[in-house]
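Here the structure is laid out as C-alpha cells; the discussion comes afterwards.
The values are calculated or read from the model by the stated rules, or taken from the named source; none is laboratory data. All values reported here derive from a predicted model rather than from experimental measurement. As a convention, Cβ positions derive from the backbone with ideal geometry for all residues, glycine included, and neighbour counts pool all protein chains shown.
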Amino acid sequence: MLGTAATAGAHMSDVKVGMITTLSGGGAGLGIDVRDGFMLAVKMADTGHIEVIIEDDQRKPDIAVQLADKMIQSEKVDIMTGIIWSNLAMAVVPSATAQGKIYLSPNAGPSALAGKGCHENYFNVAWQNDNLHEAAGAYANSAGYKNSFILAPNYPAGQDALTGYKRQYAGELAGELFTQLGQKDYAAELAQIRASDADSVFFFLPGGMGISFLKQYADSGIDLPVVGPAFSFDQGILQAVGDAALGVVNTSQWNKDIDNAANKAFVEAFQAEYGRLPSLYASQGYDTANLLISAMGKADIHDADAFRAALKEADFESVRGDFAFGNNHHPIQDIYVREVIKEGDVYTNKIIGVALEDHQDVYAADCKM
C-alpha cells in the first residue's frame, strides 16, 4: 500500500488534514499515541502531498468545537481526525460532516454515529464503542463467570461499554455502577464490590482513571478475576499500573504480536522512531493515515464521491490483518482476548484467543446509507 501511494504521488492532489486530539492533561498519552502513529505512517509513505495541522483539545468539548470551526473556516482543511473522547466527538463530528468535511475517527466510536446518525462523510477506523466490551462479555461466558460486577464512567463511551458487555454476557449482575469522568478515588466502589457476591469484575476506565482503579483494586485485597477492554491495559498505561495488572484478561482488535507483515513493520518502525512500544491508540492512528493515503492514490480529494468510495474500499494493509468497513463505515474485524504479561522489565500483552470473529456493531442495521 505504501509503495502504491508513494508512486501515485506524481498525480496526487494535496490534502490538508486537521487533527484535533488530546495532548495535555489526564488523557494526553492517548492523543500523543494517535498523533505519533498517524505521523509515522505519513513519514513512511513520503508522498509529499499531506499537510497535517495538529491542535490540543485539552479534553474539553468547547475547545474542540472552537478548534474545529477554525480548521474548517480559516485553515480550510479537507479531512479531519484525531478525537479520542466520545463526548468531544459528539460535539464536533456532526457539524464537521454537515459542512462537507470527511471525518476519519482514529478512536471514539459513539453509538449515536453508528446507527441512525451515520453519515457518508464519517468513517471510523477504530471500532464502534460497544465492540471491545461485547468481546469482554463473550469472554466472560467462556470463562464461566456467572455474576459480574460492572462499572464505567458516566459519559457516552461508558454507557456504550456497559451496554456492550451486557449484550453478550449471559450471567447475572452483582452490581452496576457509573463513576464520575476523571474520578481518581474508588474506595466507595471497591467497598460495594467487596460487599457483593460477585465472581468477577468488568470495568471500563480509560487513561488515568484505570491506573487509579487498578492500583487501588490490587491494594484492596479483593481477589476476583478482572476483565476489561484494552483501554485500561494498553501499552502506555501498563507501565504505570505495574504488577497490579499481571494476568488480567482484556479485549482488543490489535496487539503487537498479530502475525502479519504490516504489523511487524509498524511495531519495528514505531520503536525505532519513538523509542517505545506502540499502543492500541498508535496502531489506530497509523491505520487511519494509511487508509487516507490509500484513498489519495485512487481519487482526488476534490471529487467527494470518488474519494468516499476510495475510503470505503479500505484498500490498505491494516496492522490488524483483515479490515473492512460495514455499511455504516465502521469496521468489521476480529476482536482478540489478551493477557497482561511481563517481558523482561516491560509490561505488555499477549494474544490468548479470539473473542469475536468478523464482528460488526449492532447499530449498522439502523444506518440507512
* Structure fact -> Of the conditions (1) within 24 Å of ARG35 (Cβ to Cβ); (2) among the small types (Gly, Ala, Ser); (3) not assigned by TED's automatic domain parsing to the domain that holds SER105, the single one that GLY285 does not satisfy is (3)
* Count - residues of the range 187-233 that are within 25 Å of the chain's Cα centre (by Cα), more than 21 Å from ASN255 (Cα to Cα) and outside any helix (DSSP H, G or I) -> 3
* Name the residues in the range 317-353 that are closer than 18 Å to PRO278 by Cβ and of a type in the set (Gly, Ala, Ser), would you? -> SER318, GLY321, GLY344
* Asked: Can you tell me which of ILE211, ILE237 is buried (at least 18 other Cβ atoms within 10 Å of the Cβ) and in contact (Cβ under 8 Å) with a residue 60 or more places away in the chain?
  -> ILE237
* Can you list the helices (runs of 4 or more DSSP H) found entirely within the range 260-369 that contain at least 1 residues being within 24 Å of GLU134 (Cα to Cα)? -> 280-296
* Could you give every pair whose Cβ atoms fall below 9 Å, whose first residue belongs to the range 304-331 and is within 13 Å of ASN124 (Cβ to Cβ), and whose second residue is acidic (Asp, Glu) and crowded, with 21+ Cβ neighbours inside 10 Å, counting only separations of at least 6 or pairs across chains? -> PHE323/ASP287; GLY326/ASP361; ASN328/ASP361; HIS330/ASP361; PRO331/ASP361
